[in-house]
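The structure appears below as structure tokens.
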Amino acid sequence: MVLLSELNPPVVNPVGPTLRKLAETEKLGGFPKNMDPTLVAFANHLSEQFNDFFKIHMGNDPEYNTEELFGIESAKCIAHGMKDSTTREHIRKMIGGESMTGQVNMLFECVKTFRSGDTYQEYIRKAREAHDDLIRRMDAINENIADKKTQKLKEQQDQAREKEVAAEINAQRLRDDAIRLAGFQAQRQAEALEQSENPNSIPVEERVQSRQEILSAKKQKTQRKKEDCAQEKRIAAERKQQKLHDNAIRLAGF
């Protein structure tokens, strides 16, 4: 409760075009459409306190309308803005100037008392909890996005590595085939040359052995292809197992 002795003698400022224009340019207050019920209740309390303050000093003077001097919108501006600043000058700017001497002091004392009470402290606690919860949910969303990007990058790297391995296997196969083909062609040329010079110079055992070596080379080529195919399948299976492992870790994190 504000003591009357603490207030200056009340003087009502004229509520005319000049004052309204001044309020429009100086007023810093504002409030959201969906205010918290705690703040709305306090704004109604401020409006009632001003009505009582006006009646104490001015009585039921029909010349003035208390809603024009200090309406509910101005009260909501104070209720919404008091979390940032509670100085008298800030309150004066939020309502666009004092319409009655002592009004700012009275409102300042109301705000000061309310901020020190349990109702406002509970409101602040819930607001902080809601803010922290929002931050946690945003962090979870951002972490999920980062995990998806990391997983996609890893899959791309695995695919590139598989292509490199497959290309190296194919290149090595081509090199081995070229070496075997060159050796086979050289052997055939030598045999043809020697046969043309002396058809009976090559023993039967050697010709049989040469054919066996050719057959053995073909078998080795077939076996290498099987081994290469098995290696590619093994790489694919390892990649699939790694992907299942990564998914299990990500699910465990949630």
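The values are calculated or read from the model by the stated rules, or taken from the named source; none is laboratory data. The structure displayed is predicted, hence computed values, not measured ones. Methodologically, a virtual Cβ is constructed for each residue, glycine included, from the backbone with ideal geometry; neighbour enumeration extends over all protein chains shown.
Of the residues making up the stretch 241-253, those that are surrounded by 11 or more Cβ atoms within 10 Å (Cβ to Cβ) and either closer than 22 Å to K163 by Cβ or in contact with a Pro (Cβ under 9 Å, 6 or more places away or on another chain) (or both) are Q242, K243, D246. Scanning the stretch 95-141 for residues that are of a type in the set (F, W, Y) and either at pLDDT 90 or above or under 30 Å from the mean Cα position of the chain (by Cα) (or both) turns up F108, F114, Y123. Just a yes or no: is a residue in the stretch 47-62 within 22 Å of I124 (Cβ to Cβ), among the aromatic types (F, W, Y) and part of a helix (DSSP H, G or I)? No, the stretch 47-62 contains no residue that is within 22 Å of I124 (Cβ to Cβ), among the aromatic types (F, W, Y) and part of a helix (DSSP H, G or I).
Among residues of the stretch 141-162 that are under 14 Å from Q242 (Cα atoms), those with a Cβ under 9 angstrom from a residue that is small (G, A, S) and part of a helix (DSSP H, G or I), sequence gap 6+ or separate chain, pair up as E162/A236.
Every residue, every condition in (1) under 25 Å from Q172 (Cβ atoms); (2) acidic (D, E); (3) modelled with pLDDT of 80 or more, yes or no:
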| site | (1), (2), (3) |
| --- | --- |
| A217 | yes, no, no |
| Q223 | yes, no, yes |
| K226 | yes, no, yes |
| A230 | yes, no, yes |
| R234 | yes, no, yes |
| K240 | yes, no, yes |
| L244 | no, no, yes |
| A248 | no, no, no |
| G253 | no, no, no |
